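Asks: First the structure, then my questions, so here it is.
The values are calculated or read from the model by the stated rules, or taken from the named source; none is laboratory data. Everything numeric in this text was worked out from a predicted model, so none of it was measured. No Cβ is skipped: glycine too gets one built from the backbone with ideal geometry, and neighbour counts run over all protein chains shown. Note: accessible area is taken over every heavy atom of the protein model, side chains too, but ligands, DNA and RNA are not part of it. Shrake-Rupley method; radii C 1.70, N 1.55, O 1.52, S 1.80 Å.
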Protein chains: 2
Amino acid sequence: MKITLAAIKEAQSKIAPYIIKTPLIRTYALDEILGCEVYLKLENMQVTHSFKYRGAINKMLNLTLKEKQNGIVTASSGNHGKAVAHAAKQLGIEATVVVPNTASPFKIAAIEQYGATVVECDVTERFAVSERLAEVHGYTLFHPYDDEEIIVGQGTVGLEILSQHPALDTVIVPTSGGGLLAGLLTAIKQSNTDIRILGAEPYNMPRYSESLTQKKRVKVESRNTIADALVTAQPGKLNFPIVQTYADGMLKVADDATIKAVELMLIESKILSEPSGAIGPAAILDGAYSPALVEKVCFVISGGNIGLEQLSKLGAAH
Amino acid sequence: MKITLAAIKEAQSKIAPYIIKTPLIRTYALDEILGCEVYLKLENMQVTHSFKYRGAINKMLNLTLKEKQNGIVTASSGNHGKAVAHAAKQLGIEATVVVPNTASPFKIAAIEQYGATVVECDVTERFAVSERLAEVHGYTLFHPYDDEEIIVGQGTVGLEILSQHPALDTVIVPTSGGGLLAGLLTAIKQSNTDIRILGAEPYNMPRYSESLTQKKRVKVESRNTIADALVTAQPGKLNFPIVQTYADGMLKVADDATIKAVELMLIESKILSEPSGAIGPAAILDGAYSPALVEKVCFVISGGNIGLEQLSKLGAAH
């Protein structure tokens, strides 16, 4: 499978029975604050509450019978882990999820509830451990972003946006390894639209901004960010050239603005986003992008996995 | 103006430039929990974050020039007060809002931010005070629900629901004085659909359940409920006969279920509702209504005015 518009369209048909066509809504409450016409693509309402389910179920459906029988493995205690565990359960495939032994019991329970086997190990060894498990047991490894079928699955967000509101001016996409951004760029840019597409990443981990400047895949220092789903240190091998070719820009966003955006999304728009999902509106609050007043800007709200407790802490921190 | 489908259609055109046509979304995350196909009409995204703005702006637009010049008065520290204050500001009309001296500074500030004059008085005297102000200053009194133009304005929610999803089986409507329910019943039932329409009210203040049983407007004891926008003691004079004629049932809902529904709406559906707005889903959690698995049930999420602090308390209480 190549990463093309045609492949994304094929994936869209294939995954349709499993995913939610999430709402794309016009929210007026943020227009004045953000200085543009605000649209939200609500992937926080996707199955497992993030866009990650699209890629996971697409790759799962494309496994051969033998691969399905052997089972799969992935390393993630976050949105990708949940998505893979649930997709495996849906298709009756055995899944092993490797998580760092620092992961919260809450997150581990969320993965176990989908019936996956959880293997704990030191955080620095999680990729090595999952690769070893793949080798020993013949599991298929599910990489979170550097994988054609994963990228093509995420790209279906782009097709949905085009079918729901083709007249947008700009789409802003939360970015880490670049699976969502690369898929969405392929879907929208190869559809010959002139919609502007921007990535948004944490100021503390600007792996794409740095790499685009240096014209090669730079690995940045791992640092803390409130956007805890956007912590990949280096752009994906498959993703980077697509972003280089198609993206109209990359925005760096400070954590303060991201916390403020979560709060504004909730109090003004009545939508619950996790911090990583709110990094798009945050980019505008932070001054990283200044839209025109009549610009139709669609923010991809990539995930909604945040509990009441974390939410209270954000409110208090502010 | 009479309360008819024709009047509601006329109001719809008139208020269109001022209100938000709020999203009606399909939310899959609650299907299993509620045992039906779940739709949400998101009036928590309306201007001033509740449906109340529809009635307020409709009545405001229908004032004579002299009435506009004289100004208006209302008694409410809640959603109606905010809606009236904002509608008045939009049209450049002077507004006075009478609030009990027990109202929180937060609520008073919210009304003052719309430029209204706030008058504080003892909670038992707020209606008497607003009537006296109306008499002395020639203000037009804005009753929160027992008013033809208010009811007709709220009825536009019903027309929108029909235009957005005519194939619903059931609509469940938060009910207090009955303005929203009476308007919505008129709009939908007079459109000759066979959509089932149910009201939902707090178990502690079952003014409509009692009145429908006794076939007359009963005044119930004022008691505490978490659904703090649904605390009217008696059905409205204009509203009651409409509810008697058209409503397919009235559901009584315990506060525990309402608190649980706010949490589920937020964590599963990613939508922030105030407790009163979540009383529809709560009615099903509470066993007051048992839909069929394939039943398309639309819950009118009537308002979203709840702060992070109150939300944390709800979560902790649970």
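Asks: In peptide A:25-38, what is the residue-averaged number of other protein chain Cβ atoms found within 10 Å of each Cβ? Can you show the working numbers first?
Replies: Details: counts 5, 5, 5, 7, 6, 0, 0, 0, 0, 0, 0, 0, 0, 0.
Mean inter-chain Cβ contacts per residue within 10 Å come to 2.
Asks: Further question: Explain nothing, just compute: Karplus ³J(HN,Hα) = 6.51 cos²θ - 1.76 cosθ + 1.60, θ = phi - 60°, for every residue of region A:133-150 in order, whole Hz, x for Gly and Pro.
Replies: Per residue, the Karplus-derived 3J(HN,Hα) values read 4, 4, 5, 5, 9, x, 5, 7, 7, 9, 6, x, 8, 8, 7, 4, 6, 5 Hz.
Asks: Can you return the aspartates and glutamates within cross-link range of B:Lys107? Criterion is Cα-Cα under 20 Å, with same-chain partners fewer than 8 residues away left out.
Replies: By straight Cα distance, B:Lys107 reaches A:Glu263, A:Glu268, B:Glu43, B:Glu94, B:Glu120, B:Asp122, B:Glu125, B:Asp228, B:Glu274, B:Glu309.
Asks: Please state the relative contact order of chain A as a whole percent: Cα pairs under 8 Å, 6+ residues apart? Write down the numbers at each step before the final one.
Replies: Details: 696 pairs, mean separation 68.8, N = 318.
With pairs under 8 Å counted, the relative contact order is 22 percent.
Asks: Could you work out [θ]222 nm for chain A from helices alone, using -39500 (n - 2.57) per DSSP H run of at least four and dividing by all its residues? Round to the nearest 500 deg cm²/dmol.
Replies: -12500 deg cm²/dmol
Asks: Ignore the peptide's own chain and count Cβ atoms of other chains within 10 Å of each Cβ in A:258-271; give me the average, rounded.
Replies: Counting other chains' Cβ atoms within 10 Å and averaging over A:258-271 gives 4.
Asks: Mind checking the dipole of region B:53-141: about its Cα centre, +1 per Lys or Arg Cβ, -1 per Asp or Glu Cβ, Debye to the nearest 20? Before the final figure, lay out each step's value.
Replies: Values: 9 positive and 8 negative charges, 79 e Å.
About 380 debye.
Asks: So, how do all the Cα-to-Cα distances of region B:1-121 break down into 5 Å bins, in percent, from 0 on up?
Replies: That works out to 2, 11, 18, 18, 17, 12, 10, 7, 4, 2, 0, in percent per bin.
Asks: Let me know the charge dipole size of the protein assembly as shown about its Cα centre in debye, to the nearest 20, where only the beta-carbon of Lys, Arg (+1) and Asp, Glu (-1) is charged. Before the final figure, lay out the partial values.
Replies: Working: 60 positive and 66 negative charges, 207 e Å.
For the protein assembly as shown, the charge dipole is close to 1000 debye.
Asks: Tabulate in residue order the Karplus-calculated ³J(HN,Hα) for region A:58-75, using 6.51 cos²θ - 1.76 cosθ + 1.60 with θ = phi - 60°, rounded to whole Hz; enter x for Gly and Pro.
Replies: For region A:58-75, the Karplus-derived couplings read 5, 5, 4, 5, 8, 5, 6, 4, 5, 4, 4, 5, 6, x, 9, 9, 8, 10 Hz, x marking Gly and Pro.
Asks: Can you bin every Cα-Cα distance in region A:82-225 into 5 Å intervals starting at zero and give me the percent of pairs per bin, rounded to whole numbers?
Replies: P(r) for region A:82-225, in whole percents per bin: 2, 9, 13, 16, 17, 17, 13, 9, 4, 1, 0.
Asks: Give the accessible area for B:Thr96 in Å² (nearest 10); use a 1.4 Å probe, count only protein heavy atoms, and leave out ligands, DNA and RNA.
Replies: Surface open to solvent at B:Thr96 totals about 10 Å².
Asks: Also, quick follow-up: In the protein assembly as shown, what % of DSSP beta bridges are antiparallel (nearest 5)?
Replies: Working: 9 of 69 bridges.
Antiparallel bridges make up about 15 percent of those DSSP assigns within the protein assembly as shown.
Asks: Go through A:Gly115, A:Val99, A:Met60 and say which Cα lies farthest out towards the positive end of the charge dipole of region A:53-141; charges sit on Cβ, +1 for Lys and Arg, -1 for Asp and Glu.
Replies: The residue sitting farthest along the positive end of the dipole is A:Met60.
Asks: Could I ask something else about it? Alpha carbon centre of region A:138-186 versus region B:165-243: separation in Å?
Replies: Each part reduced to its Cα centre gives a spacing of 45 Å.
Asks: Can you grab the distance from the C-alpha centre of region A:6-38 to the C-alpha centre of region B:11-39, Å, no decimals?
Replies: Here the answer is 17 Å between Cα centres.
Asks: What number do you get for region A:203-272 when its Cα radius of gyration is normalised by 2.2 N^0.38 Å, N = residues?
Replies: Rounded to two decimals, the normalised Rg is 1.27.
Asks: Can you spot the lysines whose alpha carbon is less than 18 Å from B:Lys41's alpha carbon? Ignore those fewer than 8 places along the same chain.
Replies: List returned: A:Lys21, A:Lys41, A:Lys270, B:Lys21, B:Lys52, B:Lys189, B:Lys270, B:Lys296.
Asks: With unit charges on the beta carbon (Lys/Arg positive, Asp/Glu negative), name the residue among B:Ala134, B:Ala88, B:Asn70 whose Cα is farthest towards the positive pole of the charge dipole of region B:53-141.
Replies: My answer, from the dipole projection, is B:Ala88.
Asks: Taking amide hydrogens as modeled 1.01 Å from N in the peptide plane, which residues meet the under 5 Å criterion relative to B:Gly303, leaving out close sequence neighbours?
Replies: Excluding prolines and chain starts, which carry no amide H, the hits are B:Asn44, B:Glu274, B:Gly277.
Asks: So how do A:Lys189, B:Lys216 rank on accessible area, 1.4 Å probe, biggest first, that is with the largest at the start?
Replies: Details: A:Lys189 40, B:Lys216 120 Å².
From most exposed to least exposed: B:Lys216, A:Lys189.
Asks: I need the Kirkwood Rh of chain B: take the reciprocal of the average 1/r across all distinct C-alpha pairs and report it in angstrom.
Replies: Every distinct Cα pair counted, the radius reaches 19.4 Å.
Asks: Starting from the Cα of B:Lys59, draw a straight line to each of the lysines and keep only those under 17 Å, dropping any in the same chain fewer than 8 residues away.
Replies: The qualifying lysines are B:Lys2, B:Lys9, B:Lys14, B:Lys68, B:Lys82, B:Lys89.
Asks: Compute the angle between helix A:255-267 and the longest alpha-carbon principal axis of chain A, please, reported from 0 to 90 degrees and rounded to the nearest 10.
Replies: Roughly 80 degrees between the two axes.
Asks: Calculate what fraction, in whole %, of the accessible area of region B:13-132 sits on carbon and sulfur atoms when a 1.4 Å probe is rolled over the protein chains.
Replies: 50 percent
Asks: Where q = 0.22, 0.25 Å⁻¹, what log10 of I(q)/I(0) comes from the Debye formula for region A:53-141, counting one point per Cα?
Replies: Scattering profile of region A:53-141, log10 relative to I(0): -1.02, -1.27.
Asks: Write down the accessible area per residue of chain B in Å², having rolled a 1.4 Å probe over the full set of protein chains. Present the calculation step by step, with values, prior to reporting the outcome.
Replies: Values: 12360 Å² over 318 residues.
Spelled out: the 1.4 Å probe surface of chain B, per residue, equals 39 Å².
Asks: Let me ask something else. Give me the dipole magnitude in Debye, nearest 20, for chain B about the Cα centre, with unit charges on the beta carbon: positive for Lys and Arg, negative for Asp and Glu.
Replies: Numbers: 30 positive and 33 negative charges, 143 e Å.
It comes to approximately 680 debye.
Asks: So what's the gap between the Cα centers of region B:95-135 and region A:248-291, to the nearest angstrom?
Replies: Measuring centre to centre over Cα atoms gives 36 Å.
Asks: Moving on. Would you calculate the convex hull of the Cα atoms in the protein assembly as shown and tell me its volume per residue in Å³?
Replies: Working: hull volume 94.6 nm³, N = 636.
Roughly 149 Å³ of hull volume per residue.
Asks: Enter the mean number of other protein chain beta carbons within 10 Å of the beta carbon of each residue in A:300-310, as an integer.
Replies: 3
Asks: In terms of modelled amide H atoms, which long-range or inter-chain residues lie less than 5 Å from the amide H of A:Ala200?
Replies: Correct list: A:Val173, A:Thr175, A:Leu251.
Asks: Moving to a separate point now. Taking Cα pairs under 8 Å and at least six residues apart, what relative contact order does region B:195-252 come out at, in percent?
Replies: Taking the mean separation of contacting Cα pairs over the length of region B:195-252, I get 49 percent.
Asks: Under a 5 Å amide H to amide H cut-off, with H placed in plane at 1.01 Å, what residues pair with B:Val218 once short-range neighbours are removed?
Replies: B:Ser211
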